[in-house]
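Visitor: One structure is given below, represented as structure tokens, and several questions about it will come after.
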Amino acid sequence: MRLNTKCSIAVHALILTAEFESDCKITSELLAKSIGCNSSAVRSILNALQKAGIISIVRGVGGAHLEKSPAKVTLWDIYSALEPDGLAHMIGIHPNPSHLCPVGHNIEAVLSEPYGRIAGAVKDTMQEITLQQILDRYHQLVFDSKIAAEEIQ
């Protein structure tokens with residue numbers, strides 16, 4: 001079971017935007033260099049985040065900007081902007097069970113309830129995690145690495 005990597009790309013882009021939008025123009029090219037992927041993939045993700053109202057994009061001279069406070073954006077907001085039906089497909093049921101077999105005939109009904117519970121738990125957890133919490137974790141890691149570097153010197 002694995003959530004699509006679009007979500008981690010989006011979170012990476014949002015952290016970089018939150019940290020540096022007042023210092024420089026946040027472009028898909030800048031984000032692509034930081035993320036390590038193609039700028040067209042980044043633009044696709046940015047467009048989805050813009051449609052969800054999480055960021056705004058000013059073409060040309062403006063770049064990307066956060067539209068919502070990081071405390072108001074959850075990991076679920078980000079994920080669902082990118083993958084609206086993602087949880088429905090998170091755990092798939094094999095497509096061709098034999099309907100002549102009693103197990104094959106009932107496997108979808110057998111698995112739908114537990115798989116739905118798993119998807120619900122994932123959604124609930126993602127709704128509890130905010131972009132601000134992720135930024136706080138980022139800040140702590142940056143702080144810790146600066147302290148470690150100072151201790152070495």
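Visitor: Which numbered condition in (1) surrounded by fewer than 16 Cβ atoms within 10 Å (Cβ to Cβ); (2) in contact with a Gly (Cβ under 6 Å, 6 or more places away or on another chain) is the only one that Asn106 fails?
Guide: Here Asn106 meets the rest and fails (2).
Visitor: Can you tell me which residues in the stretch 35-62 are surrounded by 15 or more Cβ atoms within 10 Å (Cβ to Cβ), out of contact with any His (no Cβ under 7 Å at 6 or more places or on another chain) and within 19 Å of Leu135 (Cβ to Cβ)?
Guide: Scanning the stretch 35-62 gives Ile45, Leu46, Leu49, Ala52, Ile54.
Visitor: Could I ask something else about it? Do you know which residues across the stretch 4-53 are more than 17 Å from the chain's Cα centre (by Cα) and basic (Lys, Arg)?
Guide: Hits for the stretch 4-53 are Lys25, Lys33.
Visitor: Quick check: is even one residue across the stretch 112-123 aliphatic (A, V, I, L, M), in a helix (DSSP H, G or I) and more than 23 Å from Val11 (Cα to Cα)?
Guide: Scanning the stretch 112-123, I find no residue that is aliphatic (A, V, I, L, M), in a helix (DSSP H, G or I) and more than 23 Å from Val11 (Cα to Cα), so the answer is no.
Visitor: Could you list, in sequence order, all residues of the stretch 128-138 that are surrounded by 14 or more Cβ atoms within 10 Å (Cβ to Cβ) and either among the acidic types (Asp, Glu) or assigned to a helix (DSSP H, G or I) (or both)?
Guide: Passing the criteria: Leu131, Gln132, Gln133, Ile134, Leu135, Tyr138.
Visitor: Need the failing condition index for Glu21 against (1) without any contact (Cβ under 8 Å) to a residue 24 or more places away in the chain; (2) over 29 Å from Val122 (Cα atoms), just the number.
Guide: With respect to (1) without any contact (Cβ under 8 Å) to a residue 24 or more places away in the chain; (2) over 29 Å from Val122 (Cα atoms), Glu21 is out only on (1).
Visitor: Residue under question is Gln127, and the condition is that it be at pLDDT 95 or above and touching a Phe, Trp or Tyr at 6+ places or on another chain (Cβ under 8 Å); does it hold?
Guide: Criteria met by Gln127.
Visitor: Here is a further query. What tally of residues in the stretch 69-97 results from selecting those that are surrounded by fewer than 14 Cβ atoms within 10 Å (Cβ to Cβ), over 15 Å from the mean Cα position of the chain (by Cα) and assigned to a loop (DSSP other than H, G, I, E, B)?
Guide: 6
Visitor: Go through the stretch 63-111 and give me each residue that's in contact (Cβ under 8 Å) with a residue 60 or more places away in the chain and closer than 20 Å to Val11 by Cβ.
Guide: The answer is Ser69, Pro70, Ala71, Leu75, Ile78, Tyr79, Ala81, Leu82, Glu83, Gly86, Met90.
Visitor: Considering only residues that are within 22 Å of Lys25 (Cα to Cα) and of a type in the set (Lys, Arg), which ones fall in the stretch 61-93?
Guide: Lys68
Visitor: Before we move on, is Ser112 small (Gly, Ala, Ser), more than 23 Å from the chain's Cα centre (by Cα) and under 24 Å from Thr125 (Cβ atoms)?
Guide: Criteria met by Ser112.
The values are calculated or read from the model by the stated rules, or taken from the named source; none is laboratory data. Being a predicted model, the structure only gives us computed values, none of them experimental. Every residue, glycine as well, gets a Cβ built from its backbone with ideal geometry; the counts of neighbours run over all protein chains shown.
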